[in-house]
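Input: a single structure, listed below in structure tokens.
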Amino acid sequence: MTRNPGNPSALNRRNQPGTALWPEVGSMARDRSRDQIGRVMAHLFGVVWLRPPGGGQEWTARPEDVTPVTASESLSPRVAELNRRARAVLP
């Protein structure tokens, strides 16, 4: 199919949420254009919304620039996020 921004039914199905190019919401992914790892927050307006694992301002990335990360790549940011949350609930 050809891409026609005026006709949503003509969008290329490979670039829609729920396909292999779109990471699952809540998963950790790497934005290759920024070389940063973030948690996938949403798929809106044709882009992937990511947030730094420790919190902070979200940014957008094109789906083709976002790749899944390995368990070892996501471990350090996840541990940092859990530590931050644990410190927030301590008196």
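The values are calculated or read from the model by the stated rules, or taken from the named source; none is laboratory data. Only a predicted model underlies this, so the values are computations on that prediction, with no experimental measurement involved. Note that we place each Cβ from the backbone using ideal geometry, even for glycine, and neighbour counts take in every protein chain shown.
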Pairs please, first residue from segment 46-74 and in contact (Cβ under 8 Å) with a residue 40 or more places away in the chain, second anywhere and of a type in the set (Val, Ile, Thr), Cβ atoms under 6 Å, 6+ apart in sequence or on different chains. 63/48; 66/48; 69/37
Scanning segment 20-51 residue by residue, the ones that are outside any strand (DSSP E or B) and either surrounded by 17 or more Cβ atoms within 10 Å (Cβ to Cβ) or not basic (Lys, Arg) (or both) total 12
Which of (1) in contact with a Pro (Cβ under 7 Å, 6 or more places away or on another chain); (2) of a type outside the set (Phe, Trp, Tyr); (3) assigned to a loop (DSSP other than H, G, I, E, B) is the odd one out, the single condition residue 80 does not satisfy? (3)
Given (1) assigned to a helix (DSSP H, G or I); (2) at pLDDT below 75, residue 64 misses just (2)
So residue 77, is it at pLDDT 80 or above, within 16 Å of residue 30 (Cα to Cα) and surrounded by 11 or more Cβ atoms within 10 Å (Cβ to Cβ): no
